[in-house]
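The values are calculated or read from the model by the stated rules, or taken from the named source; none is laboratory data. Worth saying up front: this structure is predicted, and the values here are computed from it rather than measured. Positions of Cβ are backbone-derived with ideal geometry, glycine not excepted, and every protein chain shown enters the neighbour counts. What goes into the accessible areas is simple: the full protein's heavy atoms, side chains included, and nothing from ligands, DNA or RNA. Shrake-Rupley method; radii C 1.70, N 1.55, O 1.52, S 1.80 Å.
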Amino acid sequence: QDQRQAAEASLRSYASSAGYGPAVLSLIAGGSASLPFPPHEAPAVILAASVHFKNTIKRRWTEDSGDVDATSGPISDADKEQIKPMVVQLACSPSLAPNVQAQISEALAIISKHDFPHKWSTLLPELVANLNKPTDATSAAVEADLLATTGVLSAANAIFKRYRGQVESAELNVELKTVLDTFAMPL
């Protein structure tokens, strides 16, 4: 447990570095081949990285998120612009383990809560593009397509939870119309 706490403290200290978020996502995307660990340890390391990434997003995406302090500050705008497409791609990836994909989808939901639709107008078109990717008829391609579709729908569910239980307003209706036109119409 002391070793874990030391590792978490070390990760937190690096989390304020420029490029940290994209680097963690690249590590997750690379899978076990990108890790200097024995193959049997790689899934646990990737899961830990995804949990840490989600928690970093929760704490540091905006000034008013969690425990942003003067020493770490929020994630830079440059890193945010790199993170957004990467997190969508990973949330829709058929190669991620379901527990890792769940963490990435939750990070996507946290980001979308703050940035969608006004600061992230490309989110839904990116998800739709992942739904409409052509595949061949081999069984492996069909299985990968099913996993990718499940990832897209899980990500959409995480994003659209924000609308549940909201009080109707003109602004909400306009936003919902935009969401439906962008996401549901192509289906």
Practice item. For the chain, report the accessible area per residue in Å² (1.4 Å probe, heavy atoms, rounded to an integer). Key: 56
Revision key, fill the gap. The farthest towards the positive end of the charge dipole of region 44-187, of the residues Ser50, Val152, Ser169, given +1 on Cβ of Lys and Arg and -1 on Cβ of Asp and Glu, is Ser50
Check your understanding: How much space per residue, in cubic angstrom, does the convex hull of the C-alpha atoms of the chain take up?
Key -> 139
**Study point:** Carbon and sulfur %, accessible surface of the chain computed with the full protein complex present, 1.4 Å
**Key:** 58
Study note, to complete from the structure: Computed over region 78-187, the Cα gyration tensor eigenvalues, each multiplied by 5 and square-rooted, give semi-axes in Å (largest first) of 25, 16, 13
Revision key, fill the gap. Over 19 Å (Cα to Cα) among Lys58/Lys80; Lys84/Lys113; Lys58/Lys133; Lys54/Lys80; Lys133/Lys177; Lys113/Lys133 -> Lys58/Lys133; Lys133/Lys177; Lys113/Lys133
**Study point:** Accessible-area order (highest first, 1.4 angstrom probe) of the listed residues Met86, Met185
**Key:** Met185, Met86
Study note, to complete from the structure: Rounded to 0.05, the calculated FRET efficiency for the beta carbons of Thr149 and Lys177 at R₀ = 25 Å is 0.55
Practice item. On the full set of protein chains, 1.4 Å probe, figure out the accessible area of Lys84 and give it in Å² to the nearest 10. Key: 10
Check your understanding: Using 0.36 nm per residue, how much length does the chain from Lys119 to Ala140 gain when fully extended, once their Cα-Cα distance is taken away?
Key -> 3.9 nm
Review point. For the chain, list the DSSP H helices whose alpha carbon atoms reach 27 Å or more along the long axis and whose average Kyte-Doolittle value is 1.0 or above?
Key: 139-160
**Study point:** Nearest-20 debye value, the chain charge dipole, Cβ charges on Lys, Arg, Asp, Glu
**Key:** 160
Check your understanding: For the pair Ala44 and Asn157, what calculated FRET efficiency results from E = 1/(1 + (r/R0)^6), where r is the Cβ-Cβ distance and R0 = 22 Å, to the nearest 0.05?
Key -> 0.25
Point to revise | Computed [θ] at 222 nm, helices only, for the chain once each DSSP H run of length n ≥ 4 contributes -39500 (n - 2.57) | key: -20500 deg cm²/dmol
